[in-house]
Amino acid sequence: TLSSGPISSILVNRYGSRPVVIFGGLLCGIGMVSAAFCTSILQLYICVGFITGFGLALNLQPSVIIIGKYFLKSRPIANGLAMAGSPVMLCTLAPLNQFLFDNFGWRGSFLILGAILLNCCVAGALFRPIRAATASVKTQAIEEGKDALKEEVTKDDMEMSSPMNVPMETKTEEEGGKDCCEKINQYLDFSLFKHRGFLIYLIGNVLMFLGFFAPIVFLAPYAKHIGIDEYSAAFLLSILAIVDMIARPTTGIIANSKWVRPRIQYFFSFSIAFNGACHLLCPLASNYMGLVVYSIFFGLAFGMVCAMLFETLMDLVGAARFTSAVGLVTIAECCTILLGPPIGGTLIDTFGDYKYMFIKCGAVMVLAGTFLFIMNYYNYRMLAKEEKERKAKEDDLKSVRTENEGRNNWDKETIQDGPELEPLTEEQEGLKKEVNGT
């Protein structure tokens, strides 16, 4: 699902969110229905893993991207509410799967789940594309007119400055190279790797995902390891999901406030570090009540991170470049997401204790949160410095323009005063001649 991120971004940039989600829903339904007729584990890998996984990628990213197109002022709240759908299904999916398996078997369960996933096509049909307003058309026309004027001015400057014309062959070569780069960047903007904020976000998230999902995988086995029964251990995940469900929209409301939104990157860094602190303290929970408290705080921290995961990226790169940014981020994150749980399992097998896995995850996430906090502080300082430099340049340009306008006005006045003074000079010369004659 994550490794297909760039493909999903390219399709969204080319065709829009609505057809991509509908196509993704069809792939999900086809993959799950086909799994009902599989006779080997390899066929299940292809149907469930590859086809359904690719279909989910075509559902996830357009759903996140469309939020940035619909909302601006209340975007963090919208992201938090949209992300709350995941823990809702996490609470209901486990008992639903058990009910379907007990009554219809695994083949019948796949058929029913495939029919449920076909409802993604209905959701995609509701993704109304936003039409260009008349005001935007007018602004585009004005900008095109300004660009045309700039091109004329630059052409005149070239003709005045250089007596010889530039050969057309070099121009066509440069234009061909630019066209090729523009075609590549039209669907996937690789220039984001030169964006300072994007690189900070990418490095911090890649590090964070080494310890983000492993505690969820090993929470129930850890509870069983310390002597808790299977039902109570499974209920810990339900507690986590319920708290997560409440935390995501609540985090969106807090992130949308006037105190937090201008510096939302700091809030995101704190959420990651808070998540890591919960994992570091988890080994202290030696009984069931301790694990319940850990699950509550873990669900709160997990929901905070998930609610702001895409909002912070959109805040850094903007809505226009967000589609490409999501695709490039997910392809980088998928490696560490895959490595996190196996590394945790290796630590458990090596030391025979779960606490080392939680300590590893907590330390990695605290490190990621600290890195993001420091680098975002640096990024904000650099942005403020660049803004001051830009304003200083604008002020210098304005002063140069006023000086040039003053000189031009002075030249015009002298030119206008010239013909009026010429008769006086002629009369003076006549007087001189008459004086010399006398």
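The values are calculated or read from the model by the stated rules, or taken from the named source; none is laboratory data. Bear in mind the structure is a predicted one, so any value in this text is a computation, not a measurement. All Cβ positions, glycine included, derive from the backbone under ideal geometry; neighbour counts span all protein chains shown. Each accessible area value is taken on the protein alone, full model and side chains, heavy atoms only, with ligands, DNA and RNA left out. Shrake-Rupley method; radii C 1.70, N 1.55, O 1.52, S 1.80 Å.
Okay, here's what the table says:
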read-out: Ranking by accessible area, most exposed first, for Trp259, Trp106 with a 1.4 Å probe; value: Trp259, Trp106
read-out: Stokes-Einstein translational diffusion, segment 189-384 - Kirkwood Rh over all Cα pairs, 0.890 mPa s, 25 °C, in µm²/s; value: 141
read-out: Relative contact order of segment 1-128, pairs being alpha-carbon contacts under 8 Å that are 6 or more residues apart, as %; value: 43
read-out: Inter-site label distance for Phe101 and Ala115 at 7 Å from Cα along Cβ, in nm; value: 2.1
read-out: Dipole magnitude of segment 1-128, debye to nearest 20 (Cβ charges: Lys/Arg +1, Asp/Glu -1, about Cα centre); value: 540
read-out: Simple label model, 7 Å out from Cα along Cβ direction - Arg390 to Phe50, nm; value: 4.7
read-out: Solvent-accessible area, 1.4 Å probe, carbon plus sulfur percent, for segment 189-384; value: 74
read-out: Gain on full stretching of the segment that runs from Asp349 to Ser399 - 0.36 nm per residue minus C-alpha separation; value: 10.9 nm
read-out: Extension gain (nm, one decimal) between Ser74 and Leu93, 0.36 nm per residue minus Cα-Cα; value: 3.9 nm
